[in-house]
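Where a number appears in this text, it was derived from the coordinates with a stated rule and is not lab data. None of these values were measured; they are calculated from a predicted model. Ideal geometry is used to build each Cβ from the backbone, glycine not excepted, and the neighbour counts take in all protein chains shown.
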Amino acid sequence: MIPANAHGARVFLASFLVLFLEVALIRWMPAYIRLLAYFSNFILLASFLGIGVGCLLAPSRRRLFVWFPLLQAIVIGAAYFLRLELAVQSTGSIYFTSGTAEPVVVVESTMLLPLVFVIVAVLFATLAQRMAREMAALPPLRAYTINLVGSLAGVGLFAVVSWLQLSPTWWFGVGFAAAVPLLLTGEMVDGRLVRARVAVVAVNVALLASTLGLVHVMARGSLWSPYYRVTVGQDGP
């Protein structure tokens, strides 16, 4: 666990988690909500908006990071229950379907896309507020240096796990490992370290673990190249 006064370590972890999770969701969500593959910038724009709002809310007395595990569970759950596949019924028509044997249904993208956008933006607002609060406890030059190093480490590590063709279980496992110390050590509010209740921490860790389990279930039967999710199956002997 990170020592209570280790502001630099918490800045690094928060910065790492923001960028790592951003690039992970940009790649992971369109693989299941196929509609997002045609609007790939939605996740990027939502994360940028959330990061900006979270930094602006750093002076607020409300602690948003405590809601991060629940919001991440909602995002993963949305991808699980709203997963949409492509169905080509004719040479002139492409439909988005649930990927089941049910009849093709029309997807109201004007409702789905804003919903996903808002959820992702709020998720990153909780992370960015924590990051900004930890940075405010350090001298500006040191804070921004650690922030830059942590951000680059997040992007760099995701590039490595993609190159190694590791499944999303590993991606969100890394996110789990980065988030748990931040949950355990509390956060800076008005210049003092405030810890969450033990019960709240336990529930949040359980939410992160259950989310990781759901990601693992969703990744079954798929291979992950450095660029794409490839669904595999057996046809015949």
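The table that follows gives values for the structure above.
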item	result
Tail beyond 17 Å, pair distance distribution of the range 136-177 (Cα, percent)	43
For peptides 207-215, 66-74, 155-163, sequence by mean Cβ density within 10 Å, most packed first	66-74, 207-215, 155-163
Cleavage-rule hits, trypsin sites (Lys or Arg not before Pro), the range 1-78, DSSP coil, Cβ neighbours within 10 Å at most 12	Arg61, Arg62
Amide N proximity, the range 145-186 versus Val205 label position 7 Å along Cα-to-Cβ, cut-off under 17 Å	173-186
Nonlocal amide H pairs with Ala58, under 5 Å, H built at 1.01 Å	none
³J(HN,Hα) computed for each position of the range 61-72 - Karplus, 6.51 cos²θ - 1.76 cosθ + 1.60, integer Hz, glycine/proline x	6, 6, 9, 7, 4, 4, 8, 4, x, 5, 5, 5
FRET efficiency, Thr145 to Gln234 (Cβ-Cβ, R0 41 Å, nearest 0.05)	0.20
